[in-house]
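Shown next, in structure tokens, is the structure this report addresses.
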Amino acid sequence: MTQLAALPTWHDEEWRYADFAALETLAPERFDEWKEVELAPGETRRKCMVLGGESPELHRIRLTVGEGARAELFVANIGNDYTRVEVEIRLAKGAHFQFGGVTIGGGNATREFVTRTIHAEPEATSEQVVRAVHWGQGTGNFLGRIDVARDAQKTDAVQDFKGLLLERGASANAKPELEIFADDVKCAHGASIGEMDETARFYMAARGIPPEVAKSLLVRAFIADAFAALDDELEQERLLDAALAVLGDVA
């Protein structure tokens, strides 16, 4: 009989902000389920997803990106219950990983992205842009780890997280992590969390723009960064529209 993986606990760093009450409702075998994706050398593959529903969801993806290949993943996480998207990436020489993610919503749900990017060989690049917009008691999380192996010289890796809290009681958490063993690399990460720019809202109101329209425009501009690298206007609009559709329940 195949032994199932141990269930996560508070002691596991990659689960530190998870909703454990929601996790207990998932079948134990779910924690062993990974979607395995392998890109051949020189291949380019893109996936755009809108995830989240009325019950807890766990999505685990493992990418192996061959030499000179390019993997792009763009996700709008809009669940009304705990929704976790976990991605593990291994990059060969000259490969690239592009990730754009948005968590958005209210209620008391936790929505999170967890990534581990392994730069295993030289000259690979990665860029991760995550935006979180929450209200009520909603929470948006991003835990991003980058590992650079000793032989992975000329690595260029970037993580950028920004959170926007529309109401008191909402929260956002970011835990960027770098472990670098090579000495000729460029690695950077940034994280910031704040409230909506009231000056901008006042400016727009002074020009006759209704408050709900101003709010939508400002949120759209904020989250659009996550999908800016998506070279497909129709997919960009689909992801943005899905994210903005949940804004209706916040003043």
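The values are calculated or read from the model by the stated rules, or taken from the named source; none is laboratory data. Remember, it's a predicted structure, so these values are computed and weren't measured experimentally. Note that we place each Cβ from the backbone using ideal geometry, even for glycine, and neighbour counts take in every protein chain shown. Note: accessible area is taken over every heavy atom of the protein model, side chains too, but ligands, DNA and RNA are not part of it. Shrake-Rupley method; radii C 1.70, N 1.55, O 1.52, S 1.80 Å.
When each of Gln159, Gln236, Gln153 is tested for being modelled with pLDDT of 95 or more, buried (at least 20 other Cβ atoms within 10 Å of the Cβ) and either under 24 Å from Thr64 (Cα atoms) or in contact with a helix residue (DSSP H, G or I) (Cβ under 7 Å, 6 or more places away or on another chain) (or both), the lone residue that passes is Gln159. Those strands (runs of 3 or more DSSP E) of segment 141-251 in which at least 1 residues are in contact (Cβ under 8 Å) with a residue 60 or more places away in the chain and within 17 Å of Phe74 (Cβ to Cβ), considering only elements entirely within it, cover 156-165. For the residues Ala18, Ala40, Ala22, the requirement of being over 28 Å from Trp135 (Cα atoms) and in contact (Cβ under 8 Å) with a residue 24 or more places away in the chain singles out Ala40.
Might you check whether a residue that is modelled with pLDDT of 90 or more, touching a Gly at 6+ places or on another chain (Cβ under 8 Å), open to solvent by less than 90 Å² (accessible area, probe 1.4 Å) and not acidic (Asp, Glu) occurs anywhere in segment 26-33? No: zero hits. Taking (1) under 21 Å from Thr115 (Cα atoms); (2) open to solvent by less than 40 Å² (accessible area, probe 1.4 Å); (3) more than 21 Å from the chain's Cα centre (by Cα) in turn, Ala224 satisfies each apart from (3). Confirm whether Thr64 is within 26 Å of Ala149 (Cβ to Cβ), in contact (Cβ under 8 Å) with a residue 24 or more places away in the chain and polar (S, T, N, Q). It is true that Thr64 is within 26 Å of Ala149 (Cβ to Cβ), in contact (Cβ under 8 Å) with a residue 24 or more places away in the chain and polar (S, T, N, Q).
A single entry from Val75, Val50 fulfils the requirement of being open to solvent by less than 10 Å² (accessible area, probe 1.4 Å) and of a type in the set (Val, Ile, Thr): Val75.
Considering every residue within segment 113-126, establish whether at least one is among the acidic types (Asp, Glu) and either under 18 Å from Arg238 (Cβ atoms) or assigned to a strand (DSSP E or B) (or both). Taking every residue of segment 113-126 in turn, none turns out to be among the acidic types (Asp, Glu) and either under 18 Å from Arg238 (Cβ atoms) or assigned to a strand (DSSP E or B) (or both). Within segment 87-94, one or more residues are open to solvent by 40 Å² or more (accessible area, probe 1.4 Å) and over 19 Å from the mean Cα position of the chain (by Cα).
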